[in-house]
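A short reminder: the numbers here are calculations on the coordinates, not readings from a lab. Since we're looking at a predicted model, the values are computed, not measured. As a convention, Cβ positions derive from the backbone with ideal geometry for all residues, glycine included, and neighbour counts pool all protein chains shown.
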């Protein structure tokens with residue numbers, strides 16, 4: 001019996017190992033397992049850095065030679081280094097909060113690099129890697145978590161919507177946007193577009209997500225629903241969210257679902273390219289479940305040691321998305337030590353640049369919060385601004401602001 005059947009049983013397969021004593025063979029199989037996600041998991045690069053052939057998806061990464069793969073590796077290293085620096089800056093009081101992406105770099109860089117410039121992306125609040133892939137300066141992302149900006153980028157120019165903090169709400173926004181693409185005839189020709197929407201496994205328990213699925217399915221909207229299943233919705237495991245693997249939920253809405261190894265940047269790139277192509281040709285929507293793991297806390301206000309075991313974390317460290325690409329490049333001669341050292345140096349310089357910017361970021365004036373709420377101001381907004389400034393003027397030393 002494959003290990004995934006007793007660690008993550010399918011409906012009707014009987015009890016899991018937690019409720020029945022596994023055989024020695026099952027224990028050995030579990031210890032030797034190098035991938036998770038079951039028999040339906042799409043994987044092109046194993047945790048050991050070995051290439052796996054896929055008749056269905058190989059053609060979507062035919063252009064990824066050693067140089068292109070080095071670029072993906074560099075993307076992931078820089079994004080991880082920026083994430084770790086931001087995490088440290090929050091601990092030092094420079095950011096109000098931070099949402100780590102540690103461990104999810106492959107899912108975000110792979111899917112982000114699959115997008116064409118004309119496509120639109122709708123993030124939640126953890127998609128720093130996708131933002132980077134869409135050409136957004138991560139300094140602008142820091143402004144959100146330092147509480148100085150709603151979002152600092154032009155979302156139309158970058159085709160990347162502002163972060164959404166309300167769990168699952170972006171799915172409705174994205175479904176509506178994709179419906180608009182369909183209504184405006186931006187599907188089915190050489191200039192066709194698609195939308196991708198990011199959310200986590202916990203968001204699948206929100207009504208907004210299901211409503212978005214329904215509307216997208218009814219109108220054949222060109223949208224890829226990209227679920228980063230990092231196994232923990234704050235403090236609840238995926239097993240408490242669904243009886244079925246999340247990708248199988250798509251069947252109930254009448255569109256395809258697929259599970260991809262979310263720690264495999266090649267597989268995430270290939271599957272995302274396939275799904276986006278399906279949507280651009282009018283065969284959407286598509287649900288992708290990127291099976292990955294959150295290596296850090298849900299946010300910097302969370303303590304994951306209260307609800308998960310350290311051996312689980314250690315197991316997933318063996319499936320690190322960056323190390324498998326490094327192993328593949330090193331084994332095949334695609335990169336030497338000088339390349340890896342240079343990428344590390346570049347990532348340190350990148351982090352130092354972010355740190356310098358954050359520590360020296362000017363404090364915004366108090367009326368900044370009212371800026372850019374609407375394309376044009378309204379009488380009500382003007383009144384609220386004046387009332388707020390008048391309130392501040394009532395304090396001692398108010399003129400200093």
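Distance from the alpha carbon centroid of region 121-179 to that of region 47-94 works out to 20 angstrom.
The distance from the alpha carbon centre of region 232-276 to that of region 191-215 is 12 Å, rounded to a whole number. If the segment from residue 155 to residue 40 were pulled out straight at 0.36 nm per residue, it would be longer than the present Cα-Cα gap by 37.9 nm. FRET efficiency for the pair residue 118 and residue 283, taken as 1/(1 + (r/R0)^6) with r the Cβ-Cβ distance and R0 = 25 Å, rounds to 0.90.
From the square roots a ≥ b ≥ c of the eigenvalues of the alpha-carbon gyration tensor of region 277-401, which class results: rounded (a/c under 1.5), prolate (a/b over b/c), or oblate? Prolate is the answer for region 277-401, as a/c is 1.5 or above and a/b outweighs b/c.
Translational diffusion coefficient of region 65-175 (Stokes-Einstein, Kirkwood radius from Cα pairs, 20 °C, 1.002 mPa s): 149 µm²/s. Once C-alpha pairs closer than 8 Å and six or more residues apart are averaged by separation and normalised to the residue number of region 259-377, the relative contact order reads 19 percent. Packing around the peptides 383-390, 286-293, 133-140, taken as the average count of other Cβ atoms within 10 Å per residue, puts them in this order, highest first: 286-293, 133-140, 383-390.
Rounded to the nearest 500, what is the chain's calculated 222 nm mean residue ellipticity when only DSSP H runs of at least 4 contribute -39500 (n - 2.57) each, over all residues?
Using -39500 (n - 2.57) per qualifying helix, the result is -13000 deg cm²/dmol.
Each peptide among 355-361, 211-217, 225-231, 262-268 gets the average number of other Cβ atoms lying within 10 Å of its residues, and from highest to lowest they stand as 262-268, 225-231, 211-217, 355-361. With both labels modelled 7 Å from their Cα along Cα-to-Cβ, the residue 395 to residue 58 distance reads 6.5 nm.
Length gained on full extension, residue 313 to residue 371: 16.6 nm, using 0.36 nm per residue less the C-alpha separation. Over region 58-359, Cα pairs under 8 Å with separation of 6+ residues give a relative contact order of 25 percent. Computed packing ranks the peptides 241-248, 141-148 as 141-148, 241-248, most packed first, by mean other Cβ atoms within 10 Å.
Neighbour counts of C-beta atoms inside 10 Å place 319, 182, 70 in the sequence 70, 182, 319, starting with the fewest.
As a proxy for reagent exposure, 374, 163 were ordered by neighbouring Cβ count within 10 angstrom, fewest first; the result is 374, 163. Legend: translational diffusion of the chain by Stokes-Einstein, Rh = Kirkwood radius over C-alpha pairs, 4 °C, 1.567 mPa s; D = 58 µm²/s. Ordered by the count of other Cβ atoms within 10 Å of each Cβ, fewest first, 331, 81 give 331, 81.
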